[in-house]
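FYI, it's all coordinate maths here, none of it is from the lab. Keep in mind that this is a model prediction, so the values were computed, not measured. Methodologically, a virtual Cβ is constructed for each residue, glycine included, from the backbone with ideal geometry; neighbour enumeration extends over all protein chains shown.
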Amino acid sequence: MPRDLPELRASHEDRDRVVDTLRTAGGDGRLTAEELDARVERALSARTQGELAALVADLSAAIATKDVLVVKQTGGKWTRAGRWTVPNRIEVRTKLCRVTFDFTDAVITSRTVRIDTDMQHGKLVIVGAPGIVIDADGLNLVFSKTKLRSDSAADPGLRIELVGTLKHAKVVERRP
């Protein structure tokens, strides 16, 4: 939730994202069933971003300290799709591998995700809905290329920062 604009009106998508975060926290045992029910009810009736942010504020530290998702593989394919919780940071250390991150049904707990790459002879596929902005300015491309959409949403739902090195590799953005 954007903490700098707490008075901004919440959308259905904002409420759904917070409900997903709360349900994940309940499943992880960070909320009791009673707390979960009460917070979900308040999230569904929240009018502003500030009200939604308050519902997950005590969960953010736990989410932020979660381990980094590390993808380390030589050859083959590696995919994360369906319902998964997106950490703040992802490391991709691969050779001769196709890696796919599908954000379509993912539980996104942060407005920014950093993907650190060290990819050789591979392909990184990012699947996401409109509103996702991918910033590849931090990538060092060695005989590599990116195929990203030029959507520059004024207020992206998710900003993905790509940093690191690609050698003989490619980054492709796809829509579901």
Worksheet item: In whole angstrom, how far apart do the alpha carbon centroids of segment 78-154 and segment 23-39 sit?
Response: 29
Discussion item. Using Cα-Cα distances under 8 Å and only pairs 6 or more residues apart, what relative contact order does segment 12-64 have, in percent?
Written reply: 41
Response to the item:
Karplus-derived 3J(HN,Hα) from phi for segment 71-80 (6.51 cos²θ - 1.76 cosθ + 1.60, θ = phi - 60°), whole Hz, x at Gly and Pro, runs 10, 10, 7, 10, x, x, 10, 9, 9, 10
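Using the C-alpha atoms of segment 69-174, what convex hull volume per residue, in cubic angstrom, is computed?
Values: hull volume 8.5 nm³, N = 106.
With only Cα atoms used, segment 69-174 gives 80 Å³ per residue.
What does the charge count near residue 84 come to, summing +1 for each Lys or Arg and -1 for each Asp or Glu among other residues with Cβ under 9 Å from its Cβ? Numbers along the way, then the final one.
Details: positive: 80, 83; negative: 102, 105.
Its environment carries a net charge of 0.
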Discussion item. Given all pairs of different Cα atoms, what value in angstroms does the Kirkwood hydrodynamic radius of segment 9-148 take?
Written reply: 16.7
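For segment 69-174, give the magnitude of the charge dipole about the Cα centre (Cβ charges: +1 Lys/Arg, -1 Asp/Glu; no others), in debye to the nearest 20. Mind dumping the intermediate values first?
Values: 18 positive and 11 negative charges, 100 e Å.
Around 480 debye, computed over segment 69-174.
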Worksheet item: How high is the relative contact order of segment 69-174, in percent, with contacts defined as C-alpha pairs under 8 Å that are six or more residues apart?
Response: 27
Worksheet item: Near the amide H of residue 79, under 5 Å away, which other amide H atoms are found, from residues 5 or more places off or on another chain, if H is placed in the peptide plane?
Response: 100
Item to complete: Taking the chain as the reference, fit the longest principal axis to its C-alpha atoms, fit the long axis of helix 33-45 to the helix C-alpha atoms, and give the angle between the two in degrees, 0 to 90, nearest 10.
Response: 90
Worksheet item: Restricting to lysine pairs 8 or more places apart or on different chains, what number in the chain have Cα atoms under 20 Å apart?
Response: 23
